[in-house]
1. Just to be sure before I move on: is residue 677 in contact (Cβ under 8 Å) with a residue 12 or more places away in the chain, within 21 Å of residue 413 (Cα to Cα), surrounded by fewer than 23 Cβ atoms within 10 Å (Cβ to Cβ) and not aliphatic (A, V, I, L, M) in the structure I sent?
2. Take the residues in the stretch 60-91 that are crowded, with 20+ Cβ neighbours inside 10 Å, among the hydroxyl-bearing types (Ser, Thr, Tyr) and under 36 Å from the mean Cα position of the chain (by Cα); name whichever of them is nearest to residue 103 (Cα to Cα).
3. With respect to residue 211, is the statement that it is within 27 Å of residue 162 (Cα to Cα) and at pLDDT 90 or above true?
4. For the stretch 532-545, indicate whether the set of residues that are surrounded by fewer than 23 Cβ atoms within 10 Å (Cβ to Cβ), over 16 Å from residue 486 (Cβ atoms) and hydroxyl-bearing (Ser, Thr, Tyr) is non-empty.
5. Being of a type in the set (A, V, I, L, M, F, W, C) and in contact with a Gly (Cβ under 7 Å, 6 or more places away or on another chain) is the filter; apply it to the stretch 179-207 and report the residue that is modelled with the lowest pLDDT.
6. Name, by its number, the condition in (1) more than 24 Å from residue 318 (Cα to Cα); (2) open to solvent by 50 Å² or more (accessible area, probe 1.4 Å); (3) out of contact with any Ser or Thr (no Cβ under 7 Å at 6 or more places or on another chain) that does not hold for residue 219.
7. Quick one: count up the residues across the stretch 119-139 that are assigned to a helix (DSSP H, G or I) and without any contact (Cβ under 8 Å) to a residue 40 or more places away in the chain.
Amino acid sequence: IGFVYSTLGDWQKSLDYFNQALLLQKNIDDRRWGEATTLTSIGIAYTNLGALQPALDHLNQALQLHRAVGNRAWEVTTLNQLGVVYRSLGQTDKALEYFNSALPLSRTLGNRNVDANILLNIARSERARNNLTAARERTEAAIAITESLRTQIVNQDLRATYLASKREYYEFYIDLLMKLDQDEPAGGHGAEALQASERAQARNLLETLTEARIDIRQGVDPPLLTEERNLQQRINETELRRVRLLSGKPTTTQTQAIESELSSLLTAYSDLQAQIRLRSPRYAALTLPVPLNLRDIQAQVLDDDTILLEYSLGETRSYLWVVTRTQLKSFVLPKRAVVEATARHVYESFIDSHKTEGRRASELAAMELSRMVLAPAAELLDKKRLLVVGDGALQFVPFAALAVPSDQTRTYKPLISRFEVISLPSASVLALIRKENADRQPAPQAVAVLADAVFQRNDSRFNQGHLKAHLDPTPSGEGLPRDLLRSAEEFGLLNFPRLPFSRQEAEDIVAQAGANRSFKALDFAASRETVFNENIRRYRIVHFATHGLLNSQHPELSGVVLSLFDEQGRPIDGFLRAHETYNLKLNADLVVLSGCRTALGKQIRGEGLVGLTRGFMYAGAKSVVASLWDVRDEATSELMRRFYEKMFKDGLRPAAALRAAQVSMWSEKRWEPPYHWAGFVLQGEWK
């Protein structure tokens, strides 16, 4: 129990349980695996609570016991922790003595993960002594071990979470390189720090996109593929039962049981995918992509009209790199805790900006964050387009709605009024998307739209007498709620309301693109079957106007809701989940998810928001437009109408068209608050 609480970071509770365990272990003379390991654990807990002298007392007792019984693994752990305590006390030389004693012993045991941790601790100590060269050498050795171990993990989820657990290595390395850059401005260390940031950003996405361009299932044993399909079906069925259960009033026991069943299935599915990769001849021959350096970014990502803004948030300070085709500038920003608190405040204020009392508050919040993360580089923002690689809570913020940093007045003017703003998981991801699509022939048709799906059994479209009226291309929507949100509760909701404006949205899109170049799937046709039909590959844009599902605990279950009944009123699976999008084969330049919160997902440090957007990128979409919060149906439809008008009537690229549509809404009093227009962001290719 003490170990569990320490893993959760609740050091006081872990200490309480370790002390109880220690008392029992002493009474039974459990010195080998009990008393000594518990003493070390108590020392670690005291360290994290800031009680350094009690930490030393317990660690020294533990060290003697570990040596007495020959427990070398825990001897290493204890030596390492003693070094941490002495470094905290400012006794850097003594700390290095313990670290340097722990490292050779650890190497004899072959635990490279522990080796990396000790090397990082040595690097921190050398940095404290201002021995930056030695600190860099040790840090690079630690990261090399981490990179080597990471590539040996076939399970993609575990690979992502492993790197997230090592995020501090990259943050320390970036901070160290920026210190070297400060001391040696001509040494190129700022460029090295930027490359280190790229190594820490969205690596799993970068590698899965590489994998997506080959058929890793070719040559794999058919029984494995059959088992994969069966597991997917069981996951979908179980998730549907969970949603139905949570729509009622389940007991705690029922909820825990269904969650446990679902979690087990997801684990089994993830393990099976790892087996498929291990047995895939094509995966074995796959070369993992290398993140870009500065020259690569300037040559492969940027043009003369584009600026890259890449952020890295750190424990003591954060950094911004501003990159153009010809130069690199870096800036020091406040520490992570300050930036993230401000970013979360901005996100919440944008959601409330359409309320009378929330309007000015949102503008002030947008100006505050702009002063923090944009103003230092204001003089460099002289191009037409900004590519933003966010970090941490900045990934929840639509930069398009932040205030223009150069304005000295207190009048709010959003960034979108001057720039196109594109969101990127990393610069390396965009370069890979371009490389993999360089020879792809564009789809022959313009746009496929799925909208106004059937969600409820009492829908009047089941009545054939009313069906004709509902198929009218210009429904009035009279008598229907005008403030429907295209969202569903995170833990399940079956009573999805109809989205009347999504139908008008579809009609407007087809009118702009031309009926002979478009495909419109409405009513019962807005189904999973339509999405998985090969005909979907014929369209350059695939547009979903429906409810979005968010599951931040299991991002693979996030998705969009399509028709839940067939024409005979029989229930059908209408959920298109993120894990299923990986099986789609699209030829789309753009996927538009005009449901709510479709840009969100599970946040994994360094990897970013993992959810629906990435699934569609894996499926072949060059870019995705998705939303960061719940937006009313009418406002969404209005934004989409203007967006497609700018693309098909005015001939603008998607990024430019989205900007023009958002600026036009911001310019009108009715739609002016960021709530109505700022939630939708474009991720990926802007061309």
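The values are calculated or read from the model by the stated rules, or taken from the named source; none is laboratory data. No experiment lies behind these values; they were computed from the predicted model shown. Backbone-built Cβ (ideal geometry, glycine too); neighbour counts: all protein chains shown. The area values use the complete protein model at the heavy-atom level, side chains included, leaving out ligands, DNA and RNA. Shrake-Rupley method; radii C 1.70, N 1.55, O 1.52, S 1.80 Å.
1. So residue 677 does not fit the description; no.
2. By that ranking, first place goes to 77.
3. The answer is no for residue 211.
4. no
5. Applying the filter and picking the extreme gives 202.
6. Residue 219 satisfies every listed condition except (3).
7. 8
Okay, residues lined up against (1) open to solvent by 40 Å² or more (accessible area, probe 1.4 Å); (2) closer than 13 Å to residue 394 by Cα; (3) under 22 Å from the mean Cα position of the chain (by Cα):
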{"position": "298", "(1), (2), (3)": "no, no, no"}
{"position": "302", "(1), (2), (3)": "no, no, no"}
{"position": "308", "(1), (2), (3)": "no, no, yes"}
{"position": "316", "(1), (2), (3)": "yes, no, no"}
{"position": "320", "(1), (2), (3)": "no, yes, yes"}
{"position": "327", "(1), (2), (3)": "yes, no, no"}
{"position": "338", "(1), (2), (3)": "yes, yes, yes"}
{"position": "341", "(1), (2), (3)": "yes, yes, yes"}
{"position": "352", "(1), (2), (3)": "yes, no, no"}
